[in-house]
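Undergrad: My questions will all concern the structure given below.
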Amino acid sequence: QVQLVESGGGSVQAGGSLRLSCAASGRTFSTYAMGWFRQAPGKEREFVVVISRRGVNTYYGDSVKGRFTISRDNAKNTVYLKMNSLKPEDTAVYYCGASEGGFLPTTSPEYDSWGQGTQVTVSS
């Protein structure tokens, strides 16, 4: 399995931006589709976005489309999530996941490894 470590979370005001990073180690990074999910208190884990192994294809959840951008650098074993125009409803713990079997997986069971999560808090 691959090990994942997220970073870049923090507190921002509505309308602000953050960039999350997820560094991978342990297996060949380019063999995994990489996704971001988030979980707010009292809610289920929600799909945010996924990127294919070579970074050519992406798929975004409706709530973040047009505001968030996913990218990856396979040479650095890292996937990024740039979040613009943040809203209070974006407040959650953000997790990155690695999927060896899926192409653009959008559900949690399709992922093999998860990071520990990073907190994003957006104030109004």
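The values are calculated or read from the model by the stated rules, or taken from the named source; none is laboratory data. Please read these numbers as outputs of a predicted model, since none were measured by experiment. So basically every Cβ, Gly included, is an ideal-geometry build from the backbone, and we count neighbours across all protein chains shown. These area figures cover heavy atoms from the full protein model, side chains too; ligands, DNA and RNA do not enter into them. Shrake-Rupley method; radii C 1.70, N 1.55, O 1.52, S 1.80 Å.
Undergrad: Could you give every pair whose Cβ atoms fall below 8 Å, whose first residue belongs to region 1-17 and is outside any strand (DSSP E or B), and whose second residue is loosely packed, with under 13 Cβ neighbours inside 10 Å, counting only separations of at least 6 or pairs across chains?
TA: Matching pairs, first to second residue: GLN1/GLY26; VAL2/SER25; VAL2/GLY26; GLY9/GLN119; ALA14/PRO88; ALA14/SER123; ALA14/SER124.
Undergrad: So for region 75-83 (the condition being within 14 Å of the chain's Cα centre (by Cα) and open to solvent by 70 Å² or more (accessible area, probe 1.4 Å)), does at least one residue qualify?
TA: yes
Undergrad: Within region 85-99, take every residue that is touching a residue at least 60 places away in the same chain (Cβ under 8 Å) and surrounded by fewer than 16 Cβ atoms within 10 Å (Cβ to Cβ) and give me the one that is farthest from ASP62 (Cα to Cα).
TA: Among them, the one singled out is PRO88.
Undergrad: Okay, next question. Starting from residues that are open to solvent by less than 20 Å² (accessible area, probe 1.4 Å) and assigned to a strand (DSSP E or B), keep the ones in region 21-38 and report whichever is nearest to VAL120 (Cα to Cα).
TA: It comes out as ARG38.
Undergrad: Quick check: is even one residue across region 39-56 farther than 19 Å from TRP114 by Cβ and either touching a residue at least 24 places away in the same chain (Cβ under 8 Å) or part of a strand (DSSP E or B) (or both)?
TA: Yes, because at least one residue in region 39-56 is farther than 19 Å from TRP114 by Cβ and either touching a residue at least 24 places away in the same chain (Cβ under 8 Å) or part of a strand (DSSP E or B) (or both).
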